[in-house]
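Enquirer: Got a structure for you, questions after.
Each reported figure results from applying straightforward, stated rules to the coordinates on display, with no laboratory input. These figures come from a predicted structure and were not determined experimentally. Cβ placement follows ideal geometry from the backbone for every residue including glycine, while neighbour counts extend to all protein chains displayed.
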Amino acid sequence: MSESAVPGRNATHDWAATVDADHLAGIRRNPAECAPGGLGHLILEVLAYAAEEAESNAGGRATLTLYPDGSVCVADNGRGTAIRVDDHGRTVKKPVMATRDVRFFDFPGAQLLPDGHPRRGMSVVAALSEWLVHTNRRHDGSWIQRYEHGVPVTELILVADDGTTGTTVHFRPQANLRTTARPSASTLKRWTGSWPWLSIETIDRRAG
C-alpha cells in the first residue's frame, strides 16, 4: 500500500483531506452495491492492495486470518502505507481508509476482483466495518490508527518498530455483512490464487 507522498491529488487519493464524510455516508447507504456478496468482497478489497504492492516489488506475502467474532485480519510484508510530513511537522498518512480511491470508485473501467465485482477501494471496507485497526510499518517509523464506520477515532499512534515493514488491516464488518455468504475455504483458496505475485496464507479460526 505504498506510494510516493506528494501534496494534493496523486494517482490514487487526494491528500487535501483525511476524511470524506459524504463519501463514507454514501457507502453506508448502499452496502449491497458497494460490497456485493458481503464479507468475501471486503476481504478481496483489502487483498487487492497487498497484491498491488507485491506486484510492484516483484513478489510479496500476506496472511489472511478469519476470527470467530467475524473480524478479519490481512497482514502483508510490503513497504507500508505512504506518509508525509505536513507544514506543521505532523506525520500524515495517505487517506486510504476514509477517502475515495479515484482509480476505482464510480469509475466505469475499474478492475474486477476475483469475485467478478468491481474494485472500489479500501474506503468501502472501512465504511462498512464497525471498527477497523490499521497498523502501518515503514522503514521510517510505525503507527497504528483505529476507525469506526470509516471515521478515524484516534490520531496516528506511534508504536515501536519490530524490524519489519508492511500493512496490517484488522476489521469487523457490520453485522449484516458478517452473516452474508461467508466464503468457504475452497472459495477463498480459488480467489486468493488469482494474484500470482502474492503468496497468501489463510488461517481460519471460525467455528464450524
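Enquirer: Measure nothing but the geometry: give the 0 to 90° angle between the long axis through the Cα atoms of 39-56 and the longest principal axis through the Cα atoms of the chain, rounded to 10°.
Expert: Tilt of helix 39-56: around 50 degrees.
Enquirer: Moving on to the next point. Taking the Cβ of Leu128 as the center, what net charge do the other residues with Cβ under 12 Å away carry, scoring Lys and Arg +1 and Asp and Glu -1?
Expert: Charge balance in the 12 Å sphere: +1.
Enquirer: The stretch 1-116: Rg/Rh from Cα coordinates, Kirkwood Rh?
Expert: Ratio value, two decimals: 0.96.
Enquirer: At 7 Å along the Cα-to-beta-carbon direction for both Tyr67 and Phe107, put a label point, then send me their distance in nm to one decimal.
Expert: 3.2
Enquirer: Kindly state, as a whole number, the per residue volume in cubic angstrom of the convex hull around the alpha carbon atoms of the stretch 21-204.
Expert: Taking only Cα atoms, the stretch 21-204 has a hull volume of 124 Å³ per residue.
Enquirer: Something else now. So if each residue of separation counts as 0.36 nm, and I subtract the Cα-Cα distance between Ala58 and Trp131, what length gain in nm does that give?
Expert: Gain on stretching Ala58 to Trp131: 23.1 nm.
Enquirer: Given only helices, namely DSSP H runs of n ≥ 4 each adding -39500 (n - 2.57), what is the per-residue ellipticity at 222 nm of the chain, to the nearest 500 deg cm²/dmol?
Expert: So the calculated ellipticity at 222 nm is -6500 deg cm²/dmol.
Enquirer: Okay, moving on. All other residues with a Cβ under 14 Å from the Cβ of Phe171 taken together, and with Lys, Arg as +1 and Asp, Glu as -1, what is their net charge?
Expert: Around Phe171, the surrounding residues sum to -1.
Enquirer: OK, next. Could you line up Glu52, Glu45 from fewest to most neighbouring Cβ atoms inside 10 Å?
Expert: Going from sparsest to densest Cβ surroundings: Glu52, Glu45.
Enquirer: With labels modelled as points extended 7 Å from the Cα through the Cβ direction, what inter-label distance (nm, one decimal) is found for Ser186 paired with Arg205?
Expert: In this crude label model, Ser186 to Arg205 measures out at 2.7 nm.
Enquirer: Treat the count of other C-beta atoms within 10 Å as a stand-in for reagent exposure and order Met97, Met122 from fewest to most.
Expert: Met97, Met122
Enquirer: Could you check the spin-label model distance between Val19 and Val151? Points 7 Å from the Cα along Cα→Cβ, value in nm.
Expert: Taking the two extended label points, one gets 0.5 nm.
Enquirer: Any chance you could run the full-extension gain for Asp87 through Asp161? It's 0.36 nm times the residue separation minus the Cα-Cα distance, nm to one decimal.
Expert: Full extension from Asp87 to Asp161 adds 24.1 nm.
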